[in-house]
Amino acid sequence: MPRGQKPVSFLAGAAIFILLEVAALGMLHASSTLQNIWLNRASHRTMALLWGGSETIRSHFQLERLNQELQAENAALQERLRAYERLEADQEELARMAAREAAGYRYTPATVVKMSRNLTHNYIILNKGSEDGIRPQSGIISDRGVVGIVEAVDRHYSYGLTLMNPQMSVGARVGRTEIVAPLSWDGRTSGVAVVRNIPPHFNIEPGDTVRTSGYSSIFPPDLPIGVTGGTRLVDGSTRQVDVHLFQDFSTVRYVTVVENLERSEMMALEAAGEGRP
Amino acid sequence: MRRTTLKYILLFLAQAILWNFFPFSQHLTLVFLPAMLLCLPQERGTIRMMLTAFLTGLALDFIVSGQLGLTSFALVPVALLRRPVISLVFGSEIFARGEELSFERQGWQKFVPAILLLTAVFLVLFIWVDNAGTRPFWFCALKFVLSLLASSALSVLVALVMLNESGERWK
C-alpha cells in the first residue's frame, strides 16, 4: 500500500480496478471471437492448473487406499489368470492324451492319494480304479517323467510301485549313445537311480538325457526320466551310470496313468513265441 | 467546461481518427492516451482516473475497433499506475504541494521517462490481448518497441498541448 494512503481508499481503488478490468475482459470476451477463444483457452489452462494440482494432492493422500484396492484387484486377476492357465493346461493335456491314445496308449489323469517316500519299497496309491479304466501293469507318469507302475487295482483306487522301489525297473535309453539298459533305484539316495549293465566300451557323458526306451509294454517311448551323472565300472565287465531323476517325488500330486492298449496282444504273442519249441 | 476537459475530448477524437484512418503498419500502434491521462489535473483521484480511463477506452473501442473492452483493459492499469509513476519520476512532493505538472517547471527530461513508462504499460497489455496468442513473441516484441518509440514521441507533443495553459499559469 502506498505511503500516506488510507487502507479504505486503497482497498476501494483495488476493488474498482479489478472490477473495471473484469468488465473490460467480459466485454472483450463477448465482442471478439479471437479474444473469446483466447480467454477461454487461458481460463481452461488456469482451471487445469488449479484443479489438476489439487487433484494431485488429493490423490496423494488416497495412495494407501488405492494401493490396497490395486492389491485386491491384482490378487483377483492373478486368481483368474491361474484359473485360465489351469483350463489351458487341462485342454492341452486332453489334446495330448487324445493324440497319444491314437498312438496306442490311453491316458487317465489321477491324483495321488497316498505315497511313501522314506521306505525301502516305496508305493503310491491313486484315486482312480478299475471303474475308471485303470488296469494293472500300467505306467504312472507326470509332466516331469516316470513315476511308477500300477501293481494292483481296486474299484476306485490303484496301488503302484514308485521308481523309488528297487523292485521296479524301467527300460531306459541313455543319451546320445542310444544304448538301452534297465534303470532302477539305487535304494539309497532320493532322486537318484542307476542304469546297469551298460557295456564298458560305451562312453557316457554326464548331463546326457535318459528317456524311456519304448521296448517295454508299459511306458511309451521317449518319456523323460532324468540326466546322467557319474559312471563307474562294475566287476570290470559292465558300466553303471547314475541318473538324477527329473521327478521330485516329494512334490508329486497329479499324475497320469498310461495304459498300452495293445499290451494284451503283445503279451499273447510273446507267450506264443515262448511256447514254441 | 474547463479547457483541459475540452482538450481531452479533442485529443480523444484525434486518437480515434488516427486509429481509424491511419493504420500505418501491422508493426505499429500509435497511441497517446497514456499521455492524456498523465496530463489530467492532479485533483482527480485514482478511482476517478480509472473510471475516466475505462470510459475513454470503451468509447474508443466503440467508435473505432469494435473490440469492446480492449483499450479499456489496457488503459485502466495506466490510470492506476499514474500516481506512483508521477511520484517516482517527478517526486512525491508534487502531491504535497498540490502542484500541477508543467513542462516549463519539470522539464521534458522528466516527462519523457514518465510517458515511456505509462505508454509501455499500455502497449504491453494492448498488444498482448490484441494478438491473443496468435502471433509469435518476436513479432509482438518488435511491435512493442516500434510502437513505444513512435507513441512516446507523439505523446510528448500531446503533453505539450495538454499542459500548455497550466504551464503559462506557473510562469
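Please give the charge dipole size of the protein assembly as shown, origin at the Cα centre, charges +1 on K and R Cβ atoms and -1 on D and E Cβ atoms. Round to the nearest 20 debye.
2640 debye
Looking at A:S31, A:M267, A:A14, which one has the Cα that reaches farthest to the positive end of the dipole of chain A (charges on Cβ: Lys, Arg +1; Asp, Glu -1)?
A:A14
Note the full-extension length gain between A:F61 and A:E262 as 0.36 nm times their separation in residues minus their Cα-Cα distance, in nm to one decimal.
Result for the pair: 65.3 nm of gain on full extension.
At most 12 other Cβ atoms within 10 Å and a DSSP loop assignment: could you name the chymotrypsin sites (Phe, Trp or Tyr not before Pro) in the range B:1-103 that fit?
B:F24
Quick one: which residues, 5+ away or cross-chain, put their amide H under 5 Å from the amide H of A:V243? H built at 1.01 Å from N.
Sorted by chain and number, the residues that satisfy this are A:A193, A:V194, A:V195, A:G229.
In whole angstrom, how far apart do the alpha carbon centroids of the range A:133-212 and the range B:92-140 sit?
Computed from Cα coordinates, the inter-centre distance equals 102 Å.
Considering the Cα positions of the range B:90-143, please state its Rg to one decimal place and its Dmax as a whole number of Å.
Computed over the Cα atoms of the range B:90-143, radius of gyration and Dmax are 16.4, 48 Å.
Going by a ≥ b ≥ c, the root eigenvalues of the Cα gyration tensor, does the range A:7-103 fall in the rounded group (a/c under 1.5), the prolate group (a/b larger than b/c) or the oblate group?
Judged from the Cα gyration tensor, the range A:7-103 comes out oblate (a/c at least 1.5, b/c at or above a/b).
Which residues make up the longest stretch of chain A that has no trypsin sites (Lys or Arg not before Pro) in a DSSP loop with at most 10 other Cβ atoms within 10 Å?
A:4-154
Relative to 2.2 N^0.38 Å, what does the C-alpha radius of gyration of the range A:105-261 come to as a ratio? Two decimals please.
For the range A:105-261, the normalised Cα radius of gyration comes out at 1.02.
Mind checking the mean number of beta-carbon atoms from other chains within 10 Å of the Cβ atoms in A:124-131?
That works out to 0 on average.
Would you mind giving the mean number of other chain beta-carbons within 10 Å of the Cβ of each residue in A:12-21, as a whole number?
Counting other chains' Cβ atoms within 10 Å and averaging over A:12-21 gives 6.
Using the reciprocal of the averaged 1/r over all distinct C-alpha pairs, how large is the Kirkwood radius of the range B:3-166 in Å?
Roughly 15.9 Å, rounded to one decimal.
Place a point 7 Å from Cα of A:F202 in the direction of its Cβ. Which residues in the range A:129-163 have their backbone N less than 17 Å from it?
Zone members listed by number: none at all.
Do any GluC sites (Glu not before Pro) in the range A:243-277 lie in a loop, going by DSSP, with at most 13 other beta-carbon atoms within 10 Å of their beta carbon, and if so which?
Of the GluC sites (Glu not before Pro), the ones in loops of the range A:243-277 whose Cβ has at most 13 other Cβ atoms within 10 Å are A:E262.
Given R₀ = 56 Å, what would the calculated FRET efficiency be for A:L70 paired with B:F21, taking r from the Cβ atoms and rounding to 0.05?
0.25
For the protein assembly as shown, taking Cα atoms only, what is the radius of gyration to one decimal and the Dmax to the nearest whole Å?
Taking only Cα atoms of the protein assembly as shown, I get Rg and Dmax of 51.2, 158 Å.
At 7 Å along Cα-to-Cβ for each site, give me the label-to-label distance between B:Q42 and B:L149 in nm.
3.4 nm
Given the Cα-Cα distance of A:A98 and A:V227 and 0.36 nm per residue of separation, how much length would full extension add, in nm?
Between A:A98 and A:V227, full extension yields an extra 43.6 nm.
Output the Kirkwood hydrodynamic radius of the range B:5-51, Cα pairs only, in Å rounded to one decimal.
In the range B:5-51 this quantity evaluates to 12.0 Å.
Report the one residue of A:N74, A:S142, A:L63 whose Cα lies farthest in the direction of the positive end of the charge dipole of the range A:31-170 (charges on C-beta: Lys and Arg +1, Asp and Glu -1; origin at the Cα centre).
A:L63
For A:26-36, what's the mean count of beta carbons from other chains sitting within 10 Å of each residue's beta carbon?
For peptide A:26-36, the averaged partner shielding equals 6.
What residue among A:H121, A:H29, A:H244 shows peak mean-square fluctuation when chain A is described by a Gaussian network model with Cα springs under 10 Å?
Looking only at A:H121, A:H29, A:H244, the biggest GNM fluctuation is shown by A:H29.
Net charge near A:V192: determine it from the other residues with C-beta under 14 Å of the C-beta of A:V192, scoring Lys and Arg +1 and Asp and Glu -1.
+1
Just need the relative contact order of the range A:158-258 here, percent rounded to a whole number, with Cα pairs under 8 Å and 6+ apart.
24 percent
What distance in nm lies between label points placed 7 Å from Cα along the C-beta direction at A:A42 and A:R82?
The answer from the label model is 6.0 nm.
Coordinate-derived values only; no laboratory data. Note that the structure is predicted; figures quoted are calculated from it, not measured. We place every Cβ from the backbone using ideal geometry, glycine too, and count neighbours over all the protein chains shown.
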